[in-house]
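Beneath this line is the structure, given in structure tokens, with notes to follow.
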2 protein chains.
Amino acid sequence: MTLEMETSTPNAVLDRVSLVLDAFDGPGRLTLAQIVRRTGLPRSSAHRMLERLVALRWLRRQGRDYELGIRLMELGSIAVHQDRLHEAALPFLHELHRTTGFVVHLAILDGSDVVYLEKIGGTLAAAIPTRVGGRQPAHCTAVGKAILAHSGQVDTREPEAGGPLPQKTRYSISTRSRLETELVKIRTHGIAYEREESLPGIGCVAAPIGDIDEAVAAVSVCGPADRMNFDHRLAAPVRMTALAIWRNLEGGSGRVVPTLQRRHQHLGMRRASVSPISGAPTRVAR
Amino acid sequence: MTLEMETSTPNAVLDRVSLVLDAFDGPGRLTLAQIVRRTGLPRSSAHRMLERLVALRWLRRQGRDYELGIRLMELGSIAVHQDRLHEAALPFLHELHRTTGFVVHLAILDGSDVVYLEKIGGTLAAAIPTRVGGRQPAHCTAVGKAILAHSGQVDTREPEAGGPLPQKTRYSISTRSRLETELVKIRTHGIAYEREESLPGIGCVAAPIGDIDEAVAAVSVCGPADRMNFDHRLAAPVRMTALAIWRNLEGGSGRVVPTLQRRHQHLGMRRASVSPISGAPTRVAR
């Protein structure tokens, strides 16, 4: 019994902390009463936990309101910047922004969403409300479609595979059959386009990073839809960037391909045979 | 006794989680053995906690290595973007970057460090290794000196007030008396300069955001030290940006000044009398 207490209690506390922090995803500032309502935790234990989280600077308190705190900002930043993919990509992302002038994104797949690891842009960046650590439904974005088309898990991606797809705009892909058709096209050309499917007025061009059946991420350029040259002029620099990132990531370790597979297992990607280092990127980004 | 168990255990677990996550600040990937060494936790309970953190996606596991995970990236990003100061500042930061062409930072004080809430820059940004959520010793940066000079807590800032100041470059301010002299000058002019004090070859110009005795943040432009016009040509746009941010922050709430005081109490700032809304920014940024 004592053993059971010891083994179960820390996990229960972790789950409660996670529940409390998740409550802040959306509304921002919350009172104790709101947190109690959102989490279902007893008021007294919620209050004790909140005060401890304030002391640890995971939260901060403004009068009766609680907000996410500075230590989470720091840990989030460390998480991004310790990421090997991010490190391998950064110089090439800056170069792509410099040569195209458009906003550059690096994103990975997480469930049915993409999460942005980097966003680089000049004045244009302000007009595009994406952010590092932010997420979008994968099928609404060029980066998401580029990864889905090259992840070898298209059919089994969603448990409720029959339901309609959520839409971000009236141009978002709304049916699975249209998505399948689109992904086949993307796989054929190695490049994904998005025209106002996630944001009105914005278009993107994306290429997958990784092996042909094992994209680990994608890179894109985004800008005003009417300036995005959907006649493929942006495809070459985006593809070259994806290729350079993948080569740089592989060059950083003698066993990158299997490492990447382990790393992205939580994304639900299937295990592919290990490709020769020289062959893998070429097959992705041709 | 039971009550004591209930009240003490969750806090102890929180402290252990915090200790575990802090261990990743610096080295990046860690094995279980390294985490046990760094935290002093028993191996079995460390292992259980790590696996739970992986399940919650606060960490991710690659073979035998653990890394900070995607949920921390997300929470960190949410923390930054829910921040009222960040929200009030963002359009003006983009405008300052557009008009000057230099890299723009927004930072707050945390203990004796500054923490960056935003960084906006074009090609130049890649040459300056700061990042959102990253920190620097306040006295080595223009933003830090701007806040310190206007925070009304200069004398009591550090517990070990007699010790030498840490240096980032050979130009960093190294003694408290030189810092005091510098802060008096900054308070007089309402603007802070930094010439290669945090990074070789880089210079910055910063202005405090807030009341004259109660800076809550600072904004700066940074670039190559030889292009930073230390003859004060950059002072006006930086000051105007700080003023516009403060006005926007005040405009967003009928009771912003006291709210800000509460919010930044953890930064050790002293409580000042509430200034008239129209008077406060003018006094800061003239």
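Would you please classify the overall shape of the range B:17-59 from the alpha carbon gyration tensor, given that a ≥ b ≥ c denote the square roots of the eigenvalues, rounded means a/c under 1.5, and beyond that prolate means a/b larger than b/c while oblate covers the rest? Oblate is the answer for the range B:17-59, as a/c is 1.5 or above yet b/c matches or exceeds a/b. The residues neighbouring residue A:192, those whose beta-carbon lies less than 12 Å from its own, together hold a net charge of +2 under the Lys/Arg +1, Asp/Glu -1 convention. The distance linking the range B:194-218 with the range B:109-124 is 10 Å (Cα centroid to Cα centroid, whole angstrom). Under a no-solvent Debye model with one identical scatterer per Cα of the range B:87-148, what's log10 I(q)/I(0) at q = 0.18, 0.20 Å⁻¹? Treating every Cα as an identical point scatterer, log10 I(q)/I(0) equals -0.62, -0.76.
Residue A:206 sits among other residues whose Cβ lies under 11 Å from its own Cβ, and their net charge, with Lys and Arg +1 and Asp and Glu -1, is +1.
Give the average, rounded to an integer, of partner chain Cβ atoms located within 10 angstrom of each Cβ in A:184-193.
Working: counts 0, 0, 0, 0, 0, 0, 0, 0, 0, 0.
Taking all residues of A:184-193 together, the mean is 0.
Counting every other Cβ atom within 10 Å of each residue's Cβ, B:97, A:81, B:189 order from fewest to most as B:189, A:81, B:97.
Charges at C-beta only: +1 for Lys and Arg, -1 for Asp and Glu. How large is the resulting dipole of the range B:1-135 about its Cα centre, in Debye rounded to 20?
Values: 17 positive and 15 negative charges, 136 e Å.
Magnitude of the dipole: close to 660 debye.
Annotation: amide H of residue A:56 has no partner in the under-5 Å range at sequence separation 5 or more or interchain, hydrogens built in the peptide plane.
For residue B:217, the residues whose modelled amide H falls within less than 5 Å of its own, excluding neighbours fewer than 5 places apart on the same chain, are B:209. Backbone geometry of the range A:176-185 corresponds, through the Karplus equation with coefficients 6.51, -1.76 and 1.60 at θ = phi - 60°, to 3J(HN,Hα) couplings of 5, 5, 5, 5, 4, 4, 4, 5, 4, 4 Hz, x marking Gly and Pro.
Largest first, the three principal axis extents of the alpha carbons in the range B:2-73 are 39, 25, 20 Å in whole numbers.
Cross-link check: pairs B:119/B:168; A:119/A:168; A:119/B:145; A:168/B:119 evaluated at a Cα-Cα cut-off of 26 Å; pairs beyond the cut-off: A:119/B:145; A:168/B:119. With a 10 Å cut-off around each Cβ of A:23-30, the average count of Cβ atoms from other chains is 3. Considering only the Cα atoms of the range B:33-103, their convex hull presents on average a projected area of 7.3 nm². Tell me, what does the Kirkwood hydrodynamic radius of the range A:1-125 come to in angstroms if you use every pair of distinct C-alpha atoms? About 17.4 Å, per the Kirkwood formula over Cα pairs.
Each reported figure results from applying straightforward, stated rules to the coordinates on display, with no laboratory input. In this text, all values refer to a predicted model and were calculated from it rather than measured experimentally. In this analysis, Cβ positions are derived from the backbone assuming ideal geometry, glycine residues included, and neighbour counts consider all displayed protein chains.
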